[in-house]
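Working notes for the structure below.
Coordinate-derived values only; no laboratory data. Bear in mind that the values here come from a model prediction, so they are computed numbers and not experimental data. Please note: Cβ atoms are built from the backbone with ideal geometry, for glycine as well, and neighbour counts cover all protein chains shown.
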Amino acid sequence: MSSASHHSSAATSHNASSMSREQSTKAERTADAAKAFDRSLKVAAKEIDADVKMRAETLHDNWPALKKQDKDLQEQTKQLAKENDDMEKWLDKSKKKLAEFDDFDAIGEGLEDELANIEAMLDIMETKQDAGKYDSKGSKT
């Protein structure tokens, strides 16, 4: 081998070795990045898992209280509905009584008219009694 060819083959060998090192370094960096990404995913998953487990435990622990709260709310709603019905019945009765008072008012006005007519008749009779001297029975004396 000539020295030029030896030199050329050494350079090629050096270039191949350099490329091989670059490729292995690149492959190592890619593998390291993948491992780091995998580790960060696992950490994030653990945090999310812990959060979900904590929320599930809280819901599970609070289930009896939530169930009681729901039952109490349903009972209060039924009680309010009953009170509402009672109030509507009371209001209907009150309206009827007011209507009766209106009837009494009309009756009272009618009685007032009758009393006014009776008073007018008595006034006329008194006037005639004074003029013609009627007795208490309305007969002329």
Discussion item. Given all pairs of different Cα atoms, what value in angstroms does the Kirkwood hydrodynamic radius of the stretch 64-125 take?
Written reply: 16.2
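Stretched out fully, how many nm does the piece from LYS128 to TRP63 gain, at 0.36 nm a residue minus the Cα gap? All intermediate terms of the calculation are to be shown ahead of the outcome.
On the way: separation 65, 0.36 × 65 = 23.40 nm, distance 9.58 nm.
Residue separation times 0.36 nm, minus the Cα-Cα distance, leaves 13.8 nm.
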Worksheet, complete the sentence: Projected onto their principal axes, the Cα atoms of the stretch 31-83 stretch, largest extent first, over whole-Å spans of 73, 17, 7
Practice prompt. Output ³J(HN,Hα) for the stretch 28-41: one whole-Hz value per residue in order, computed from phi by the Karplus curve 6.51 cos²θ - 1.76 cosθ + 1.60 with θ = phi - 60°, and x for Gly and Pro.
Written response: 5, 5, 4, 5, 5, 5, 5, 5, 5, 4, 4, 4, 5, 5
Discussion item. How compact is the stretch 37-141 by the rule of thumb for globular proteins, expressed as Cα Rg over 2.2 N^0.38 Å?
Written reply: 3.25
Response to the item:
Simple spin-label estimate for ILE118/ALA33, 7 Å along Cα→Cβ, in nm, reads 11.5
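Expected output is a single nm value to one decimal: the length gained when fully extending between ALA106 and TRP90, i.e. 0.36 nm times separation in residues minus the C-alpha distance. What is it?
On the way: separation 16, 0.36 × 16 = 5.76 nm, distance 2.42 nm.
Stretched fully, the ALA106-TRP90 segment lengthens by 3.3 nm.
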